[in-house]
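Worksheet for the structure shown next.
The values are calculated or read from the model by the stated rules, or taken from the named source; none is laboratory data. Model, not experiment: these values are computed from the prediction. No Cβ is skipped: glycine too gets one built from the backbone with ideal geometry, and neighbour counts run over all protein chains shown.
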Amino acid sequence: MTMMQRMIGWPLMALVLASCVTINIYFPEAAAEEAARTIVRDVLGKEGESNGQAPEQDKPQSSVQNTQLLLIAARVLDALVPSAHAAAPVNIDISSPAIKRLRASMSRRQSQLDPFYRAGAVGFANNGNVTIRDASAVGLRDRGKMKKLVADENRDRAALYREIARANGHPEWEADVRNTFARVWREEARGGYWVQSPQGSWNRK
Amino acid sequence: MYRTIFFLSLFLLVPQSLAASVDESSNLTLELVVGQLEHEQGTIEKLQLSLAAEDDTWRLQARVDEVSSPELEKPLKDLQLECEHVRIDWPALACEKASLRLADSPWGRQEVDAALDWRSAQDWQLSFSGLKYAGDKVGGQVAMAGETWQLQVKAGALQVQRIVPLRQALRDAGLESATGVLSADVSAQGDSTGVQTLKVAGTARRLAWSDAEGLQAAENLRANYAVKSKNTDGHWSGNLQLRLNSGELYSDPVFLDFKAQPLNLTLRGAYQPASKRLRLDQFSLDAGKVMQANGKLVLDTKRLKLRDAAVQLKLSDLDKTYAVLLQPLLIGTGLDDLEVLGSAEARVALKAGELVSADLQARQVDMADLNGGFAGLGIEADVHWRGVGESPASRIDFENVQLGKLDFGASRMRFNTRGTYFYLLEPLVIPFYEGRVVVNDLTWLSTESGPDAGFSLLVSDVSLQALSRAMEWPEMSGAIDGEIPRARYAGEELRVDGDIEIRAFDGRMLLRGLRLQQLTSAAPVLEAEMELRRLDLAKLTKTFSFGRIRGRLNGEVNDLQLVAWEPNRFEARFYSPEDDDLPHKISQRAVEDLTELGNGVPGALASPFLRFFEEFSYDRVELKVAQRGDRARIGGIPHENGGYYLVKGSGIPRIDVIGRNRDVAWSSLLARLKSIRADGIAVE
């Protein structure tokens with residue numbers, strides 16, 4: 001090996017090894033989805049359980065694809081570099097007191113939000129939040145109340161996504177948790193609710 | 001519209017410059033036919049005029065195929081004018097009953113009854129009725145006296161959506177679907193230069209509108225209005241009175257129900273077209289107890305912006321003001337679920353679009369967060385703010401403030417404001433559980449990303465007994481003293497420098513590195529470190545219904561994180577200090593409790609021999625707990641056989657409590673601790 005090859009080769013090797021270690025800490029999509037489904041069904045109540053049987057036909061979101069690609073890359077690198085750690089099975093813990101408190105708060109709010117969801121005034125947005133999509137679907141008197149419920153719900157949802165990431169020791173997963181939830185909210189939405197596709201269009205379930 | 005009628009009357013009734021052909025029979029008949037007539041104000045196509053003498057009157061018939069004018073949105077088609085009895089006393093001319101028919105016009109098909117009394121071009125009067133406009137039949141009168149003309153129009157039920165200029169203005173404001181019924185009594189006066197005075201009064205009924213998003217909407221509004229205005233050399237001045245007494249309005253995020261609370265608005269002012277400014281010398285808005293406002297304003301109508309203002313606000317019932325105006329504006333903040341009582345007055349001044357001063361007086365205000373977060377009672381405030389220079393001193397006095405379960409006593413805060421900055425003029429002394437909290441320094445800076453606040457404080461002689469009772473903790477004795485040399489709140493995070501010393505259990509505890517994040521969220525995060533020095537274990541164990549241990553205890557709690565006020569992670573070590581001056585004794589029950597804590601199995605002291613002794617001597621105690629989520633790792637003094645001592649005994653009989661389990665579920669450890677506190681252990 002020439003000096004030049006060494007100079008280029010070692011950093012490259014180091015980079016490959018470092019990459020292996022980084023890739024192994026992947027976002028556990030399947031476990032997160034299971035956790036999200038448990039929470040979403042709990043919040044939406046019983047009717048949600050029967051609605052969530054048919055997963056939507058949309059193609060997986062790009063972040064999911066990226067995760068899978070990274071996973072494949074990690075496995076290839078695992079095979080090539082024996083020292084790389086195998087990816088350990090990961091469960092998503094949703095039992096922390098903060099998460100329990102947020103779930104309870106969202107469950108209590110659900111019955112108040114339900115009429116607004118059904119009227120099409122509020123829908124499940126593709127960013128994991130709820131949003132006012134048609135204020136004119138409810139009377140003028142209720143619009144302020146609706147606005148407050150939406151603000152409170154989004155505050156809880158943001159805190160929930162953050163807490164799930166933190167409780168599982170990976171605050172950097174927050175965006176992935178949010179994406180997973182966005183999909184699960186959409187899938188588990190009750191009949192009559194309005195949901196926003198990843199492309200941005202609104203459909204009634 | 002009056003101009004068009006005026007223009008028509010000129011064309012049809014004063015044909016001064018037309019050539020005529022006359023046929024004569026037994027009665028005199030004049031007939032005039034014009035193929036086309038052009039004037040700078042418009043064109044007339046095919047005019048046929050017939051004037052027949054009948055006894056002492058004339059019969060007039062006129063027909064025009066089309067009248068077009070740049071002023072008309074579309075031409076008048078097939079215009080027919082008839083008057084059975086025209087009295088002519090040249091140059092005077094009068095028709096008491098004329099009919100005008102139009103097959104088409106900007107106002108559709110028309111059949112108008114009219115009467116004309118013409119004495120000269122400077123002295124005539126035209127009245128009309130049945131003019132179809134905006135779904136209504138409009139009547140009125142136009143009169144000329146010298147150089148001055150007068151117009152009066154009465155409409156009983158104009159449909160808002162069919163009043164073209166109004167519909168256009170509403171569309172420009174984004175309100176596509178506006179409906180309603182308007183009555184109007186219009187009276188105008190002017191000369192050849194234009195309108196000089198204009199008065200409009202009437203009612204609006206069933207008024208409704210909405211923008212596409214439903215954020216600006218009204219339903220079933222009912223209003224009375226009156227406008228009086230005067231034109232002086234192109235400057236308009238006048239006044240407006242508006243009373244909204246029924247219906248609902250939603251202007252995001254505020255909802256107003258005018259039936260519950262009518263609203264009166266009175267404006268007096270002038271419009272300056274050159275500078276495009278509306279100057280309101282007096283404006284008064286009366287929404288009863290919700291708000292009363294009056295003052296002066298200058299509006300920039302080009303930019304639709306408030307330029308200058310001097311406004312006084314009277315809020316005589318803050319409960320109503322909060323419910324109607326403030327709560328909607330505070331949605332999404334921690335202040336959107338309050339109960340507020342009391343009254344307030346405020347004065348606000350703006351110059352060139354900038355706020356230059358604001359003064360607030362609040363009297364007997366009680367406010368409470370309905371979620372139990374905080375409350376303030378008996379608040380009296382005089383707050384002053386100036387945009388430039390030093391503001392007059394401000395004060396806020398309060399009888400009581402509650403933060404969560406904490407209760408602060410009566411205090412007076414003296415402070416000053418400068419720009420977006422706020423600072424204390426004298427230390428704020430707050431009674432707090434038999435001691436006091438002295439805030440020496442408190443600053444508040446409003447920034448675009450939220451408040452940036454800092455404070456330093458001293459805590460002295462706070463009774464731990466009173467505090468623990470208030471917090472519903474096991475009752476502890478002792479006192480809290482401490483100093484926070486600097487704390488900063490910015491970006492939803494409170495960071496505290498310095499140590500808070502708690503003197504309790506004959507020793508001291510130090511709380512340091514306190515950090516609170518996401519305070520207003522459902523899951524606030526607290527991070528801190530704690531140091532325990534020379535606590536008297538006898539007092540400590542007595543407080544916590546634990547079996548009795550004598551001796552002293554040191555401890556450190558590092559990397560403590562509470563999420564939603566529950567432990568999320570920490571690393572703690574509690575141990576006997578090296579230079580302990582107290583005897584080391586542990587009771588049977590304490591041994592049981594510790595054993596249970598370590599193993600989860602009660603009844604360790606089953607031996608009748610050991611049960612004979614009330615307490616045992618020990619060399620050292622040590623407990624290490626590292627918690628992370630639901631996992632906790634327990635340890636103590638290393639034991640050669642792989643376990644760990646929680647209690648290393650000494651003397652005879654010697655008792656060692658040796659733990660074997662290192663990893664336990666935090667929830668079950670907590671449950672064990674709770675069961676010890678609740679039930680104790682009965683050693684048999």
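Please tell me if residue B:488 is basic (Lys, Arg), at pLDDT 85 or above and touching a Gly at 6+ places or on another chain (Cβ under 9 Å). In short, yes. Listed by position, the strands (runs of 3 or more DSSP E) inside the range B:406-512 whose residues that are at positive phi number at least 1 are B:450-463, B:478-490. The set of residues from the range A:143-157 being in contact (Cβ under 8 Å) with a residue 12 or more places away in the chain and more than 18 Å from residue B:335 (Cα to Cα) comprises just one member, A:157.
State whether one or more residues within the range A:178-191 are assigned to a helix (DSSP H, G or I) and more than 15 Å from the chain's Cα centre (by Cα). No; the residues of the range A:178-191 include none that is assigned to a helix (DSSP H, G or I) and more than 15 Å from the chain's Cα centre (by Cα).
Which ones in the range B:244-259 are part of a strand (DSSP E or B) and under 20 Å from the mean Cα position of the chain (by Cα)?
Selection gives B:248, B:249, B:250, B:251, B:254, B:255, B:256, B:257.
The residues on offer are B:341, B:318, and the sole one that is outside the structural domain of residue B:450 (by TED's automatic domain parsing), over 29 Å from residue B:281 (Cα atoms) and touching a residue at least 24 places away in the same chain (Cβ under 8 Å) is B:341.
Against the condition at pLDDT below 95 and of a type outside the set (Lys, Arg), how does residue A:138 come out, does it pass? So that I can check it myself, show each step before the final result.
Details: at pLDDT below 95: yes; of a type outside the set (Lys, Arg): yes.
In short, yes.
Filtered by the rule that a residue be charged (D, E, K, R) and crowded, with 18+ Cβ neighbours inside 10 Å, the range A:156-181 gives A:156, A:157, A:162, A:163, A:166, A:176, A:178.
For every residue, the table says whether it meets (1) free of Cβ contacts under 8 Å to residues at least 40 places away in the same chain; (2) part of a strand (DSSP E or B); (3) within 14 Å of chain A (Cβ to nearest Cβ); (4) out of contact with any Pro (no Cβ under 8 Å at 6 or more places or on another chain).
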position: B:219; (1), (2), (3), (4): yes, yes, yes, yes
position: B:225; (1), (2), (3), (4): yes, yes, no, yes
position: B:242; (1), (2), (3), (4): yes, yes, no, yes
position: B:261; (1), (2), (3), (4): no, no, yes, yes
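Against the numbered list (1) surrounded by fewer than 16 Cβ atoms within 10 Å (Cβ to Cβ); (2) at pLDDT 90 or above, residue B:21 comes up short only at (2). One residue stands out in the range A:95-142 among those that are in contact with a Gly (Cβ under 9 Å, 6 or more places away or on another chain), touching a residue at least 60 places away in the same chain (Cβ under 8 Å) and surrounded by 21 or more Cβ atoms within 10 Å (Cβ to Cβ): the one that is nearest to the other protein chains (Cβ to nearest Cβ), namely A:96. In the range B:379-391, the condition of being acidic (Asp, Glu), surrounded by fewer than 18 Cβ atoms within 10 Å (Cβ to Cβ), under 23 Å from the mean Cα position of the chain (by Cα) and modelled with pLDDT of 90 or more is met by at least one residue.
Do we have residue B:519 as more than 26 Å from residue B:581 (Cβ to Cβ), outside the structural domain of residue B:445 (by TED's automatic domain parsing) and in a loop (DSSP other than H, G, I, E, B) here? Break it down stepwise before answering.
On the way: more than 26 Å from residue B:581 (Cβ to Cβ): yes; outside the structural domain of residue B:445 (by TED's automatic domain parsing): yes; in a loop (DSSP other than H, G, I, E, B): yes.
Yes, satisfied.
Residues of the range A:160-181 that are at pLDDT below 90 and touching an Asp or Glu at 6+ places or on another chain (Cβ under 7 Å): A:167, A:168.
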